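Q: Can you keep this structure in mind? I'll have questions shortly.
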Amino acid sequence: MELRLPATGTLDASHALAVLALHSLPAQERLDPAAAQVQRILQVQGHLVEISLRLDAFGVSLTHDAPPESVARLTGIINHWLGLQQDTSAAYAALGALPGYQPLAMAIPHLRLISYPDPFEALATTVIGQQVSLAAARTLGGRYVDT
């Protein structure tokens, strides 16, 4: 099934993919920055759902195999994960009004807070990342996903 998830305002797809690349686990996500594409499996309401995301300036095209009763929850997860519904216009207007911040706000006007699709994943990777380097945390996380 295919869906379109629009972004509020403009989505900086290259920045979102760069953030995902820093935090992705090798065995969990396949990122293709050239195609602006992310593939992975998510657990949604007890179902393992294979997803493929293609990011662009206006949102995300989503291909998935979720059962119909899980589609609303899946779209909520992806909207939260990628910050698609974040309206950053007020924050950028406030930054632009501060002396010295206007060039910065103009240089990177479409950033969003990128999160995690699963609370346990966020917690586990954060705790591991506090104890070791980011590279070691990704290795440990990848080993966990492999098992």
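The values are calculated or read from the model by the stated rules, or taken from the named source; none is laboratory data. The shown structure was predicted, so the numbers you read here are calculated from the model rather than taken from an experiment. Don't worry about glycine lacking a Cβ; one is built from the backbone with ideal geometry, like all the others, and counts go over all protein chains shown. Surface areas here come from the heavy atoms of the whole protein model, side chains and all, with no ligands, DNA or RNA. Shrake-Rupley method; radii C 1.70, N 1.55, O 1.52, S 1.80 Å.
Q: Thr88 passes all but one of (1) at pLDDT 95 or above; (2) touching a Gly at 6+ places or on another chain (Cβ under 9 Å); which number fails?
A: With (1) at pLDDT 95 or above; (2) touching a Gly at 6+ places or on another chain (Cβ under 9 Å) applied to Thr88, the lone miss is (1).
Q: Test each condition in (1) surrounded by 14 or more Cβ atoms within 10 Å (Cβ to Cβ); (2) touching a strand residue (DSSP E or B) at 6+ places or on another chain (Cβ under 6 Å); (3) not basic (Lys, Arg) for Glu50 and report the one that comes out false.
A: If we test Glu50 against (1) surrounded by 14 or more Cβ atoms within 10 Å (Cβ to Cβ); (2) touching a strand residue (DSSP E or B) at 6+ places or on another chain (Cβ under 6 Å); (3) not basic (Lys, Arg), just (1) comes out false.
Q: Okay, moving on. With respect to the numbered conditions (1) surrounded by 15 or more Cβ atoms within 10 Å (Cβ to Cβ); (2) farther than 15 Å from Glu29 by Cα; (3) of a type outside the set (Lys, Arg); (4) out of contact with any Ser or Thr (no Cβ under 8 Å at 6 or more places or on another chain), which one is the sole condition not fulfilled by Gly83?
A: Only one criterion in (1) surrounded by 15 or more Cβ atoms within 10 Å (Cβ to Cβ); (2) farther than 15 Å from Glu29 by Cα; (3) of a type outside the set (Lys, Arg); (4) out of contact with any Ser or Thr (no Cβ under 8 Å at 6 or more places or on another chain) is unmet by Gly83, namely (4).
Q: Let me ask another. Can we say Thr63 is touching a residue at least 12 places away in the same chain (Cβ under 8 Å), within 15 Å of Met1 (Cα to Cα) and in a helix (DSSP H, G or I)?
A: Details: touching a residue at least 12 places away in the same chain (Cβ under 8 Å): yes; within 15 Å of Met1 (Cα to Cα): yes; in a helix (DSSP H, G or I): no.
So Thr63 does not fit the description; no.
Q: Out of all the residues in the stretch 110-118, is one or more more than 30 Å from Leu48 (Cβ to Cβ), open to solvent by 30 Å² or more (accessible area, probe 1.4 Å) and either out of contact with any Cys (no Cβ under 7 Å at 6 or more places or on another chain) or of a type in the set (Ser, Thr, Tyr) (or both)? Break it down stepwise before answering.
A: Within the stretch 110-118, the first condition is being more than 30 Å from Leu48 (Cβ to Cβ), and the residues that meet it are 110-111.
If we keep only those that are open to solvent by 30 Å² or more (accessible area, probe 1.4 Å) as well, we get 110-111.
Those left that are additionally either out of contact with any Cys (no Cβ under 7 Å at 6 or more places or on another chain) or of a type in the set (Ser, Thr, Tyr) (or both): 110-111.
Scanning the stretch 110-118, I find at least one residue that is more than 30 Å from Leu48 (Cβ to Cβ), open to solvent by 30 Å² or more (accessible area, probe 1.4 Å) and either out of contact with any Cys (no Cβ under 7 Å at 6 or more places or on another chain) or of a type in the set (Ser, Thr, Tyr) (or both), so the answer is yes.
Q: From (1) among the small types (Gly, Ala, Ser); (2) touching a Leu at 6+ places or on another chain (Cβ under 7 Å); (3) farther than 18 Å from Ala16 by Cβ, pick out the condition that doesn't hold for Gly83.
A: Condition (3) is where Gly83 drops out.
Q: Give Ala36, Ala27 a once-over and let me know the one that is within 15 Å of the chain's Cα centre (by Cα), surrounded by 12 or more Cβ atoms within 10 Å (Cβ to Cβ), more than 14 Å from Ser115 (Cβ to Cβ) and not basic (Lys, Arg). Full working, then the answer.
A: On the way: Ala27 fails: within 15 Å of the chain's Cα centre (by Cα).
The unique qualifying residue is Ala36.
Q: Any residue at all in the stretch 56-78 that is open to solvent by less than 50 Å² (accessible area, probe 1.4 Å) and within 28 Å of Ser133 (Cβ to Cβ)?
A: no
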